[in-house]
1. Residue by residue through region 117-154, note down the ones that are without any contact (Cβ under 8 Å) to a residue 40 or more places away in the chain, surrounded by 14 or more Cβ atoms within 10 Å (Cβ to Cβ) and among the aliphatic types (A, V, I, L, M).
2. Return the pairs, sorted by first residue and then second, in which the second residue is surrounded by 13 or more Cβ atoms within 10 Å (Cβ to Cβ) and assigned to a helix (DSSP H, G or I), the first residue lies in region 51-78 and is of a type in the set (Ser, Thr, Tyr), the beta carbons are less than 6 Å apart, and the residues are 6+ apart or on different chains.
3. Provide a single number: the residues in region 37-54 that are within 12 Å of the chain's Cα centre (by Cα) and either open to solvent by less than 70 Å² (accessible area, probe 1.4 Å) or under 22 Å from LEU116 (Cα atoms) (or both).
Amino acid sequence: HENSLQRSEHTLAEYTSHEASIARDVQRLERRLNDLEDKKELKLEVLRKENQDAYKGVMWLKNNRAIFNKPVYDPIMLAIDLKHTDFAKYVESHIGKMDLEGFICEDANDVNKLALELREKQNLRRINVFHSAPDPPETFRHPMSRNELERFDLLEYLSDMYDAPDA
């Protein structure tokens, strides 16, 4: 009985330790989620200040995504996450402001449906809607390796400076 009790106590200690580890992981993930939500709120606030129409479109889309055939994404500026804040100037200088404020649809018919809804029915004028197939980044070959880029004093390809949905 003494050996069985020791094994049970040992097992209990392992479970307690594992539970504490999981609790720390949950707290870490909750902090990360809060950070991401704060970033999204900040981006949304910038969009509201820069383009009220696109902001209102985001608010409308939040409750109406189900009417579309395939995924429809918020404006690019909300969907894109820079890998380093230093890259913002490069991305913003190569992706025009109107494009950054544009919605992306994976289905071509959804482009027309969203544009009609936001421009005609919602009376929002500063709206851009684009069609883009969800091609994974690996399908876009870079002509030079990273080492070759460094010879020309280039950091990396623009497409490697951010994370975003494939579309």
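The values are calculated or read from the model by the stated rules, or taken from the named source; none is laboratory data. Everything numeric here is computed off the predicted structure, so don't read it as measured data. We place every Cβ from the backbone using ideal geometry, glycine too, and count neighbours over all the protein chains shown. When the accessible area is computed, the model is the full protein with side chains, heavy atoms only, and any ligands, DNA or RNA have been set aside. Shrake-Rupley method; radii C 1.70, N 1.55, O 1.52, S 1.80 Å.
1. VAL129, LEU149
2. Every condition considered, the pairs that remain are TYR55/LEU47; TYR55/ARG48; TYR73/ALA79.
3. Number of matching residues: 1.
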